[in-house]
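Below is one structure, written out as structure tokens, with a few remarks after it.
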């Protein structure tokens, strides 16, 4: 037998021996005392103090729940409202389409203003679809300032309106009726007063989802709403002052991005005119300068933005923009 063959046989024997060597897993040791401690009952003491007995008059004020009652006679100061934002939308169709969409299982809103609101005793009637204490699915993927997913912290109002459509002359937007705006104004003013919603937190869907949404569109009268006490609007003389300043020295792209972010839009300071910045600027123009919503940078948009920051956030934010 040749030497290479002998070496091969020897190696095979060694490997076979290794493969056949018995192995044994370590026997686990269980601390049964520790298991007993986990499943033992924690002791509770017997009551030694008799319970407070509510009188019939006091008991009548208690809320009855399953197996217990709730006393609401004492409240804590350490609380605030869950609602911080009011968001306005259009439906993009007629009444029938709005009811079908908003009463299904995918989207909803707290209130619906129909195409021609009903009346009772000379007052307009709004449709409430979701109780204000519950979360309506109207905002979707959204953000404003330090908040995301605004369904959790907002009330949504849908207004029946076709939105926009394309004609041979370009995009055409559908206007709102006087009755709709009067009802929206009364409803929004009531909501803002009850929840103490800041003017800069009265928003359009396009503000909280720029580029993804465009409602309530350029025909929504934000200035009229502001004049009725709801929402933000710049002061004309302050806009004029900033226009003069910025005509000589406009904001850099980084400064504009910082200003948009301070106002609430989801914009990062990159120093380049990127897509998120263009979308945010277009949404801003839709809200505060609806006559021209091209989404391009101009001095007038910058002046309006700084005037808003000064009025609602203070000069400290304006100085922060110019850093």
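Using a ≥ b ≥ c from the Cα gyration tensor of segment 85-227 (square roots of the eigenvalues), is it rounded, prolate or oblate, where a/c under 1.5 gives rounded and otherwise the larger of a/b and b/c decides, a/b for prolate? Present the calculation step by step, with values, prior to reporting the outcome.
Values: a/c = 1.28, a/b = 1.07, b/c = 1.19.
It comes out rounded by the Cα gyration axes.
Of 240, 32, the sequence from fewest to most neighbouring Cβ atoms within 10 angstrom is 32, 240.
If you take the square roots of the eigenvalues of the alpha-carbon gyration tensor of segment 253-300 and sort them as a ≥ b ≥ c, do you get rounded (a/c under 1.5), prolate (a/b over b/c) or oblate? Mind showing how you got there, number by number?
On the way: a/c = 1.81, a/b = 1.57, b/c = 1.16.
Prolate, because a/c is 1.5 or more and a/b exceeds b/c.
Rounded to the nearest 10 degrees, the angle from helix 253-263 to the longest Cα principal axis of the chain is 90 degrees. Considering only 290, 250, 168, the Gaussian network model of the chain with Cα springs below 10 Å gives its largest mean-square fluctuation to 168. Normalising the average separation of contacting C-alpha pairs (under 8 angstrom, six or more residues apart) by the number of residues puts the relative contact order of segment 175-323 at 26 percent. On full extension, the segment bounded by residue 300 and residue 69 gains 77.2 nm, given 0.36 nm per residue less the C-alpha separation. The ranking of 237, 196, 110 by Cβ neighbour count inside 10 Å, starting from the fewest, reads 237, 196, 110. Label segment 236-321 by shape, choosing from rounded, prolate and oblate, from the square roots a ≥ b ≥ c of the eigenvalues of the Cα gyration tensor; if a/c is under 1.5 it is rounded, and otherwise prolate applies when a/b is larger than b/c, oblate when it is not. In terms of gyration-tensor shape, rounded. With a Förster radius of 51 Å applied to the beta-carbon distance between residue 103 and residue 248, the computed FRET efficiency rounds to 0.40. Fully extending the segment from residue 172 to residue 149, taken as 0.36 nm per residue of separation minus the present Cα-Cα distance, adds 5.3 nm. Between 38, 208, 159, which gets the highest mean-square fluctuation from a Gaussian network model of the chain, Cα cutoff 10 Å? Maximum among the listed residues: 38.
Rounded to the nearest 10 degrees, the angle from helix 236-248 to the longest Cα principal axis of the chain is 70 degrees. The mean sequence separation of alpha-carbon pairs under 8 Å and at least six residues apart, normalised by the residue count of the chain, gives a relative contact order of 15 percent. Three principal axis extents describe the C-alpha atoms of the chain; from largest down they are 103, 83, 47 Å. A Gaussian network model of the chain, with springs between Cα atoms under 10 Å, assigns the largest mean-square fluctuation among 74, 29, 160 to 29.
Read-outs: derived from the displayed coordinates by stated rules, not from any lab. What you see is a predicted model, and the numbers here were worked out from it, not measured in a lab. Here Cβ is always computed from backbone atoms with ideal geometry, including for glycine, and neighbour counts include all displayed protein chains.
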